[in-house]
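Worksheet: one structure, shown below.
The values are calculated or read from the model by the stated rules, or taken from the named source; none is laboratory data. As the structure is a computational prediction, the values presented were derived from the model and not from experiment. So basically every Cβ, Gly included, is an ideal-geometry build from the backbone, and we count neighbours across all protein chains shown. With ligands, DNA and RNA removed, areas are computed over all heavy atoms of the protein, side chains included. Shrake-Rupley method; radii C 1.70, N 1.55, O 1.52, S 1.80 Å.
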Amino acid sequence: ADTLAYPVYGTMPADQLLVLENGIYTLATAVAKVGETQYATLADAIAAAAEGDTGKLIASVEVTGAVKLDKSITLDLGAYNITRNGTKDTDAVISVTAGNVVITGTTGTVTAAPYAPAVWAKGGVLTIKGGNFVGGNHAVYALLNGSVIIEGGKFQYTDKACAGLVLNIYDGFRDTAS
């Protein structure tokens with residue numbers, strides 16, 4: 001969706017945006033920003049972020065699909081939350097597939113549904129410097145070619161019925177010879 005940062009006439013609250021979708025403008029609340037540009041969805045903010053940029057939450061969000069991070073950016077949760085409801089173990093909230101991704105935050109929380117991890121690191125390097133990560137079966141799950149560096153944050157899982165782990169490093173597909 002195209003987003004106008006400012007209306008053509010009049011004034012709006014600072015957290016409101018006019019969003020053009022299918023030829024219709026609607027009013028939306030900004031949930032994230034990159035620099036000073038605000039976005040109505042976290043996915044739009046991440047798509048607009050260039051290598052080295054910081055995407056910052058400015059409101060809590062519930063996402064229906066994984067937040068895909070595939071370039072070297074910083075995601076700053078601040079004090080806001082990202083929640084994803086789902087019913088499968090593939091319903092991770094955040095999926096890191098490439099780049100050098102940094103996640104920071106103060107009290108912001110990434111919360112997954114039962115059977116799902118809060119964060120999947122499938123590729124690239126994920127550095128967690130802060131925030132809270134609450135997974136169903138795993139808080140953080142590194143697999144395939146993903147690497148995780150933990151410098152801060154709080155981690156837990158909620159589904160005590162499964163063999164969950166706070167941090168799961170799956171090495172089955174890694175080249176351990178080098």
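Details
- Residue satisfying all of: in the stretch 98-114; closer than 20 Å to GLU151 by Cα and assigned to a loop (DSSP other than H, G, I, E, B); least open to solvent (accessible area, probe 1.4 Å) among these: GLY108
- The stretch 115-136, residues that are open to solvent by 20 Å² or more (accessible area, probe 1.4 Å), in a loop (DSSP other than H, G, I, E, B) and more than 13 Å from SER95 (Cβ to Cβ): TYR115, LYS129
- Residue-level analysis places ASP76 outside the set of residues that are more than 18 Å from ALA59 (Cβ to Cβ), of a type in the set (Asp, Glu) and touching a strand residue (DSSP E or B) at 6+ places or on another chain (Cβ under 7 Å).
- Sole exception among (1) open to solvent by 40 Å² or more (accessible area, probe 1.4 Å); (2) more than 13 Å from GLY131 (Cβ to Cβ); (3) in a strand (DSSP E or B); (4) modelled with pLDDT of 95 or more for GLY52, by number: (3)
- Listed by first and then second residue, the pairs with beta-carbon distance under 8 Å, at least 6 apart or on different chains, first residue in the stretch 84-97 and open to solvent by 30 Å² or more (accessible area, probe 1.4 Å), second in a loop (DSSP other than H, G, I, E, B) and modelled with pLDDT of 95 or more, are THR97/ASP70.
- Qualifying residue in the stretch 70-77 (condition: farther than 20 Å from GLY146 by Cα and free of Cβ contacts under 8 Å to residues at least 12 places away in the same chain): no
- Here the stretch 137-161 is the region considered, the condition is being part of a loop (DSSP other than H, G, I, E, B) and at pLDDT 90 or above, and the residue that is most open to solvent (accessible area, probe 1.4 Å) is GLU151.
- Within the stretch 36-49, the set of residues being part of a helix (DSSP H, G or I) and either β-branched (Val, Ile, Thr) or free of Cβ contacts under 8 Å to residues at least 12 places away in the same chain (or both) comprises ILE46, ALA47.
- The residues listed here are ALA30, ALA59, ALA79; of these, the one that is modelled with pLDDT of 95 or more, on the phi < 0 side of the Ramachandran plot and either open to solvent by less than 30 Å² (accessible area, probe 1.4 Å) or touching a Phe, Trp or Tyr at 6+ places or on another chain (Cβ under 8 Å) (or both) is ALA59.
- Annotation note: of THR90, THR37, THR74, the sole residue that is under 30 Å from THR158 (Cβ atoms), among the β-branched types (Val, Ile, Thr) and at pLDDT below 95 is THR90.
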